[in-house]
Amino acid sequence: MVTETTSSTVLDTTSWTRRALRAPWRGLVLCVPMLIELGVAVILLLAMALVPVFVGVMLLPDCLLAVRREAERARRLVRVATGVDIACWYQPEHVGKRNGPRWRTDYPWLLGDPTTWRDLLWLFVNPAVGWVLTLLPVALVAWGLFGVAMPAVWKPIVDAGSNNWYGPIHVTTASSSWWCVPLGVAFVAAGFGLGPSLLAAYGRFARSLLAPSRRAELSRQVAQLAQSRNQVVDHQAEEIRRIERDLHDGAQARLVAMGMTLGAVEQLLERDPTAAKELVAGARESSAKALSELRDLVRGIHPPVLADRGLVDAVRALALDCSLAVSVEDDLGVRLPVPLESAAYFALSELLANATKHADAQQVRIDLRRRTGMVRITVVDDGVGGADPANGTGLRGVERRVAAFDGTLRVNSPVGGPTTVTVEIPCES
């Protein structure tokens, strides 16, 4: 136990040191887009000043779109540099036939979006606050290095006639220059030490301005739920039509044929027992096929193993039927609600089918976890990667299925693999 604690402490210290050494340079990287944002702000103000002469009216939509692009870039940079993930949701652009000039149709779309106004607030506030939080670590390190180098540079500075002060130290002689070294080291340590905290503060500041408001987030959820509801209704209607086709073309046709066969048997029973016996054998074979088709149909609607034994055992049975080497880990505990179990089962079935058909994988790992208010399903395969929900109906189908429960689908599939698909579905404790 002591060894584990010591190892954990060493890892935490190493991680903090790595973040401290990177923080000033990441802050410097974050400052670069602020120069572009200042340019966009100047152009936007110029377009607003030209509104009375109508030129600004035509320029403002493009300026607002430029602000949106800068805000999206800022969200990505903040996520990479600080680790703070900033959600973003813009109202979809009006589609269909445009009535009138482009600037006339863009104004209701852009100005009616609350996120546009948050982007504008970011554009004008970030250059004032962001410079301080991001440049301070770099400035402290640079100022500290200047103090450490003071014994080597003080004389040229004094000879040039400059009044050389380093903080409270008036550097006029070699001995006084050496007093700057420990102070410079302290500044360098402060720059690296404060860097992670200042970057984290900048990430929180950016999220407070760039993340959607509570009202916008609720609007997004309502829109997503409405869309997923419509998709679920369409999917259910398509499933009903599929079941009708399968019954009509499969079991129903065989049952009709069996009835006709039994009628023929009734007529041949006394006249030609041998032929009647052959017809009975054919009817028995048709009944077996009809029963098998009905079982397949029921399994496609709701597998009996899922109803009887729950999601984990149903997934293990699914894994046994898969041609790949599949391992299943779980800590779900008690059973989930029936609709959620069904959605999770068919989502996993589709993901395993994708790994078998398209990923050229050899092994698949399925992990089922239940956390507070959430069920997380992770599927990892060692295939060729490159999976994208936008390029196929399989992952899109999984996405639509879990969206009906306000769930999410995340795909991480670099070319060359591995592919990691994570499904998260809200679930009451």
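Computed quantities for the displayed model
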quantity	calculated
Percent RCO, i.e. relative contact order, over segment 17-210, from Cα pairs under 8 Å lying at least 6 residues apart	32 percent
Rg/Rh for segment 310-426, where both radii come from Cα atoms and Rh is the Kirkwood radius	0.94
Total formal charge among the other residues, if their Cβ is under 14 angstrom from that of Ala387, Lys/Arg +1 and Asp/Glu -1	-3
Cut-off 12 Å between beta-carbons: net charge of the residues surrounding Leu279, Lys and Arg +1, Asp and Glu -1	-2
Whole-number percent relative contact order across segment 310-426, with pairs defined as alpha carbons under 8 Å at least 6 apart	24 percent
Rg over Rh, two decimals, segment 62-209 (C-alpha only, Kirkwood Rh)	1.26
Charge tally in the Cβ shell below 15 Å around Asn126, where Lys, Arg are +1 and Asp, Glu are -1, Asn126 excluded	+4
Backbone N under 16 Å from the Leu28 label point (7 Å along Cα→Cβ), restricted to segment 149-165	none
Spatial separation of Cα centroids for segment 65-94 and segment 180-215, in angstrom	20 Å
Relative packing of 376-388, 162-174, which averages over residues the other C-beta atoms within 10 Å, highest first	376-388, 162-174
Ranked packing of 273-286, 307-320, most packed first, by mean Cβ within 10 Å	307-320, 273-286
Ordering of 412-418, 349-355 by burial proxy (mean other Cβ atoms within 10 Å per residue, highest first)	349-355, 412-418
Cβ-Cβ FRET estimate between Arg371 and Ala160, R0 fixed at 51 Å, reported to 0.05	0.20
Cβ-based charge dipole, segment 17-210, positive-most Cα from Thr134, Val55, Val153	Thr134
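Rule-based calculations on the coordinates, nothing more; no lab input. Note that the coordinates shown come from a computational prediction; the quantities given were computed from them, not determined experimentally. Positions of Cβ are backbone-derived with ideal geometry, glycine not excepted, and every protein chain shown enters the neighbour counts.
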